[in-house]
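Working notes, beginning with the structure itself.
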Protein chains: 4
Amino acid sequence: MSKIPVAVLGATGAVGQRLVSLLGSHPWFELAGLCASERSVGKPYLEAARWLLPEEPPAFARSGRVLPCEPDSRWPLVFSALDADAASSIEETFARSGALVVSNARSHRMRADVPLVVPEVNPDHLELAKGQRYGGGAILTNPNCSTIGLVLALAPLARAFGLETVRVTTLQAASGAGYPGVSSLDLIDNVIPFIAGEEEKLESEPLKILGELRAGRVENAPFGISATATWVPVIDGHSLVVSVRLGAEVPRDALLDAWRSWRGEVADLALPSSPRRPLAYREERDRPQPRQDRMAEGGMATTIGRLRPCPLDGWKFIALSHNTIRGAAGGTLLLAELAAAKGLLGEKMKL
Amino acid sequence: MSKIPVAVLGATGAVGQRLVSLLGSHPWFELAGLCASERSVGKPYLEAARWLLPEEPPAFARSGRVLPCEPDSRWPLVFSALDADAASSIEETFARSGALVVSNARSHRMRADVPLVVPEVNPDHLELAKGQRYGGGAILTNPNCSTIGLVLALAPLARAFGLETVRVTTLQAASGAGYPGVSSLDLIDNVIPFIAGEEEKLESEPLKILGELRAGRVENAPFGISATATWVPVIDGHSLVVSVRLGAEVPRDALLDAWRSWRGEVADLALPSSPRRPLAYREERDRPQPRQDRMAEGGMATTIGRLRPCPLDGWKFIALSHNTIRGAAGGTLLLAELAAAKGLLGEKMKL
Amino acid sequence: MSKIPVAVLGATGAVGQRLVSLLGSHPWFELAGLCASERSVGKPYLEAARWLLPEEPPAFARSGRVLPCEPDSRWPLVFSALDADAASSIEETFARSGALVVSNARSHRMRADVPLVVPEVNPDHLELAKGQRYGGGAILTNPNCSTIGLVLALAPLARAFGLETVRVTTLQAASGAGYPGVSSLDLIDNVIPFIAGEEEKLESEPLKILGELRAGRVENAPFGISATATWVPVIDGHSLVVSVRLGAEVPRDALLDAWRSWRGEVADLALPSSPRRPLAYREERDRPQPRQDRMAEGGMATTIGRLRPCPLDGWKFIALSHNTIRGAAGGTLLLAELAAAKGLLGEKMKL
Amino acid sequence: MSKIPVAVLGATGAVGQRLVSLLGSHPWFELAGLCASERSVGKPYLEAARWLLPEEPPAFARSGRVLPCEPDSRWPLVFSALDADAASSIEETFARSGALVVSNARSHRMRADVPLVVPEVNPDHLELAKGQRYGGGAILTNPNCSTIGLVLALAPLARAFGLETVRVTTLQAASGAGYPGVSSLDLIDNVIPFIAGEEEKLESEPLKILGELRAGRVENAPFGISATATWVPVIDGHSLVVSVRLGAEVPRDALLDAWRSWRGEVADLALPSSPRRPLAYREERDRPQPRQDRMAEGGMATTIGRLRPCPLDGWKFIALSHNTIRGAAGGTLLLAELAAAKGLLGEKMKL
């Protein structure tokens, strides 16, 4: 089998670079296009992108030039790491051209006919894409970087016990804002207790992801979420301080079991980017921590700790996940793998 | 009037140094004793203490030597910045000797006969001290560093509308752990989602402080608190992410009014360390921030921001206060001023 | 006497804000104009500027609107905190209109007819301005932020012993790049060993400042400088690791005496922003440190420490000075005060 | 061939943990003993050690208990990550018992009969150990963490052109002080311009390492070194700002060639921990940086950048190397591999 040629839209940004890096040695996909905005087009990729990762860029990126964000029939699959402003229409143009667009941008996430998918949680939502009217193409979306860790921690609880309320305070890493993103003058010896649009995403996206597919539509999950989002002086890894009221009274071990036994819906598909275990629970009293736990399973696992009863009701815990790997590039890639495994790439794809 | 001679117990530690610094030019009190543990006794103060503050130590500290933590009849008032282990018995020894002990340690805070006081909030609780059996002496306590900011933000709401539930996540500054305290290896590019004993204090102390004095006893306030405490890479200034359910449904302006009009119970006493306004509300969407707001009113005011409805119930906001000034040394000093103004120093004190 | 009305050019940037703050309560000057680039003109100042300082902006700034950078006859004195790109022509326009321009920009610093002045070091260089052909106006310049601390530490040594070589490695604070300046992704858990143009300034400006005025021209000081400049994760305060070869062999005490006895050339002028002592030497083995020493004398003094012989030749020491106060806004203000005291504002100025 | 059983002395500390981690899957050595100080003896290793690394501890460490630092005939090779205080006599006890001690402690480094070795640079110095009088055992030493990066950068220049003077300013990472090491209160928004004993090591160790072995003794290299050492807020990776005066005038390309072509003395031995290339030169104007370059070749390569002429004489450049991998645990391990390959383990070792 030959690999599927793919392009990255917004390849010069922080998430784009992570995608380029992860695609450098992917077993199914072959990096074939590096697309970015007008001012980068034509430049050698490494001149247009200020390469931010410690690992070396893959060979294709070292020699490639930036192309415009225009469809090319040689790319049946494109990854979008575009800013929301640009993503809205460019992604539609690609979809109309027949490409499968797997996007990390927020633009289309909440559309009724666009799947918003965490592969381990709601792979069945891919079916929503059937409602899209792009000819052969389609748009799939990856959730916001802080949503993903939250949803992964919540999913086993929602399935096992039901959820009534979720309260979350995030301590988010600077890489979530891209590069240059947050000024060092704002984050040395400081906390910024506000992230534009973040709380809205945290309060809405999980309801769609954990919602039920009925008659080709997603019915939002019936619980409430309250979120506060902050920036802290951390490079990578969003910490989530969570409290939940469950639908049933259960002992602590029941929650631990729910997390530990959970493999997600796609364990049997052996997707290349799947973590062996999407969730890890740590018993130490001061974990998870960003620097210690963000790279669990190559940055694809979410780590949970400090489960304890909430004096008001329900349970409290801390969750942590890597915001640019699991929360962006890695999650997007895993979603594309799921789509490929499910046959969404049609005849082009025989894995 | 001559000043009242005072000693600082635990004068070499981080909070002790702040007290020493604040007492260097106090209008009522005169620094007369620097006491610390055995291993420091006899040494010049600045040799025993690794001076941590940017401002120069006061003259008394530059020339003084460390004394043992033993009562001295020349000190009618002593400040305790001792560790809880040492504080428990040493403070009692001083109280029995007839001194008024104003303590920042947690040892005696929750005793039924020990006032736990934020001067603006519950000055009447000083009366509890009458129940102490130390002869002429007494012990008064200042709350935990994160409790104080929380209580200051809650008090006007509790008074005006009643409180039903309080949920708080703290993002605490490293100075809260004293010196050397938290290792730099734990706080560069990291968050530690656990502070020993802190959540317990946050869930209990506010109930006592906001409780009602009846027949010489404090009846705890009748609401519930759930807390999560974390260390973040910040030097000074604890950020509190708070949500409250009030006893009544009120519009946003009512809360703002409650905070803005609140002057606290002691405004008319003109205590030297009183902030002109104990609370400030900032309208900017990304405030309060530790580096910007911790020094409001010399570090004695609490700054609030981001008041908005909670999608689940009640209101959410952010509060910030300086943990080693208002939350420790400054709060302790203010409490001593209150005690002096209320005549607890007896004949020794004619202000 | 009434105050002299002044304007700040580039008032919305990081240095401009410091100037605005310092001018808020100046005994000689009265803030009368807040000028900035086209996109800010007409906006309320606090909307155009993201206010970065913990202290509140002065009243004029709270109510003022941004004006264009165009001369106004009511401002005999203007401060320039413009970027070098903009400064070059705008400053000339103001000078031609008759204003005295005191600039923090690098544009005109190295011109033979432009004084580059550290008031304590080379106030006589103001005479250079006579060679300028702007009618009544003139341009005076303040050195680069890292140059100033270096020159203040070197001046007493140069005067007393002569200098042969100077080697300096800087560990510079992020505020030196303005706002947003350096990305937090570049400065959390990292060092950037390069600052564009900085080493060139460090290797040239001190030679002019420490040069000799002869026949209306400055003859560069006859020693050599080698510099390396780095960014470190610090908000304010540039640390300078310096080694010098002197013109004479002298004992350690001679250097300490030279620094300690030095008051600079303008001590008798009692300029409002003059530090009482421009240099402080600290004996502790681990000082100066940015967080401890940057605010010495309101941020206007340079602190030196760790003087010790260099095993190769000469002496080694560490110097520290506040880069946005002494190194930018405060230094510029002090220079304007010097110019006023020397009568460069002509009839307009009767102090 | 079966693996050689080894023990780690000081296994619970920061460097000890790195050794334990690296030995978890070593092709030649098998971790067989975890030794530490009295207060840890008998405890499960993970209870005695606060595990600091993001990667999981190896199986032996997960199940093992801490042993006392006493020789055991089953360990022909022991690694010492002891503090200098403890190392001095314990290492001798082990050597006398017949073990080969490969030490990261400074205690014996400067002894005339103790090899101080960077394998790529001076493997021939192992011969010094013949002069030791420990029966079958011996002590070999790994240099100080900042020395190693400096020596690796200097060695090719010293060999090719000769060195006359070396000046170095270090910006050192907090992990160099072990755990808890430097307080976060000293390193958030701060620089500490002093590291006890570090400048002395930097000014002496390179002269021994780059010295010549003659008649069984090392003659120190005949150049001078001047060092200044500072702590900066970085987790791992020491940055070195270096200037050198060479023995000959050579063009820039000659230095680059010297670095790039250099493979070190042991390239043909294929030691398991050898980096493929011990030195990398990066052309970007702002490299090397700690976060980007410390993990080059698994943390075993030194990265150099910014080579440019010094205006005073010679050349300036920046070097960076990982202080706890190459500079401590990894360097010590590589040295043990060298010793094994050279037959110093005698009959016990048949690779």
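The value for the stretch C:212-351 of Rg(Cα) / (2.2 N^0.38 Å) is 1.19.
Working note: Cα gyration tensor of the protein assembly as shown, eigenvalues times five, square-rooted, sorted largest first, giving semi-axes of 45, 44, 38 Å. Normalised by residue number, the volume inside the convex hull of the Cα atoms of the stretch C:20-61 is 75 Å³ per residue. Here the contact order of chain B, divided by its residue count and restricted to Cα pairs under 8 Å and six or more residues apart, works out to 17 percent.
Place the label 7 angstrom along Cα→C-beta at B:Leu213 and in each other copy, then list the distances from the first to the rest in nm, shortest first. Between copies, matching label points for B:Leu213 lie 6.5, 6.9, 8.2 nm apart. As a size descriptor, the averaged projected area of the C-alpha convex hull of the stretch B:204-271 was calculated at 7.7 nm². P(r) for the stretch D:13-112, from all Cα pairs and a bin width of 5 Å, is 2, 13, 24, 26, 21, 10, 3, 1, 0 %, short bins first. The interface between chain C and chain A buries about 1400 Å² of solvent-accessible area in total (1.4 Å probe, ligands and nucleic acids excluded).
Inter-part distance, the stretch D:94-119 to the stretch C:93-158, computed on C-alpha centroids, equals 59 Å.
Label points for C:Pro68 are taken 7 Å from Cα along Cα→Cβ. From this copy to the others they lie 3.6, 7.9, 8.7 nm apart, shortest first. Counting Cβ atoms of other protein chains within 10 Å of each Cβ in D:328-335 and taking the mean gives 0.
In the frame of its principal axes, the stretch A:276-326 has Cα extents of 35, 19, 17 Å, reported largest first. Each Cα pair under 8 Å and six or more residues apart adds its separation to the average, and for the stretch A:145-322 the resulting relative contact order is 27 percent.
Highest mean packing first, where packing is the average number of other Cβ atoms within 10 Å per residue, the peptides D:14-21, D:45-52 line up as D:14-21, D:45-52. Taking the label point 7 Å along Cα→Cβ, B:Met110 and its counterparts in the other copies are spaced 4.4, 5.5, 6.8 nm apart, in ascending order. Among the listed pairs D:Lys130/D:Lys208; C:Lys208/C:Lys316; C:Lys3/C:Lys43, which have their C-alpha atoms separated by more than 20 angstrom in this model? With Cα atoms farther than 20 Å apart: C:Lys208/C:Lys316; C:Lys3/C:Lys43. Chain A holds its axis-closest Cβ, relative to the rotation onto D, at the residue and whole-Å distance A:Asp189, 2. Heavy-atom accessible area, probed at 1.4 angstrom with all protein chains present, ranks B:Lys130, A:Lys342, A:Lys43 as B:Lys130, A:Lys342, A:Lys43, highest first.
Within 10 Å of the Cβ of each residue in D:176-183, the mean number of Cβ atoms contributed by other protein chains is 5. Note on the stretch B:148-280: Cα-Cα pairs beyond 27 Å make up 30% of the total pair count.
When only alpha carbons are used to place a centre, the stretch C:181-206 and the stretch C:248-266 end up 30 Å from one another.
Taking 0.36 nm per residue of separation and subtracting the current Cα-Cα distance, fully stretching the chain between B:Glu38 and B:Arg133 would add 31.4 nm. The value obtained for the stretch C:86-151, namely the Cα convex hull volume divided by the number of residues, is 73 Å³ per residue.
With all protein chains in place and ligands, DNA and RNA left out, the 1.4 Å accessible area ranks C:Ser80, D:Ser204 as D:Ser204, C:Ser80, largest first. Residues of the stretch D:283-309 whose accessible area (probe 1.4 Å, heavy atoms of protein chains only) drops by at least 20 Å² once all protein chains are present, relative to their chain alone: D:Arg285, D:Asp286, D:Gln289, D:Pro290, D:Arg291, D:Gln292, D:Arg306, D:Arg308.
For chain D, the carbon plus sulfur part of the accessible surface works out to 48%, probe radius 1.4 Å. Please check the stretch C:127-167 for residues whose accessible area, probe 1.4 Å, is lower by 30 Å² or more when all protein chains are in place than in their chain alone. Those are C:Arg167, which lose 30 Å² or more relative to the chain on its own. Solvent-accessible surface of protein heavy atoms, probed at 1.4 angstrom with all chains present, puts B:Ser37, D:Ser321 in the order B:Ser37, D:Ser321, largest first. Residues of the stretch A:238-270 whose accessible area, computed with a 1.4 Å probe over protein heavy atoms, drops by at least 30 Å² once all protein chains are present relative to their chain alone are A:Val241.
Mean partner shielding of peptide D:315-321, defined as the number of other chain Cβ atoms within 10 Å of each residue Cβ, is 2.
Summed over all non-identical Cα pairs, the Kirkwood treatment of the stretch A:135-219 gives a radius of 15.3 Å.
In whole angstrom, chain C maps to an equivalent ellipsoid with semi-axes of 32, 23, 18, each derived as √(5λ) from the alpha carbon gyration tensor and ordered largest first. In the stretch D:122-210, taking the dipole from charged Cβ atoms about the Cα centre, the farthest positive-side position among D:Ala129, D:Pro180, D:Leu202 is held by D:Ala129.
Once the 1.4 Å probe is applied to the protein heavy atoms, chain D comes out at 35 Å² accessible per residue.
The values are calculated or read from the model by the stated rules, or taken from the named source; none is laboratory data. As the structure is a computational prediction, the values presented were derived from the model and not from experiment. Cβ atoms come from the backbone with ideal geometry, glycine included; neighbour counts cover every protein chain shown. What goes into the accessible areas is simple: the full protein's heavy atoms, side chains included, and nothing from ligands, DNA or RNA. Shrake-Rupley method; radii C 1.70, N 1.55, O 1.52, S 1.80 Å.
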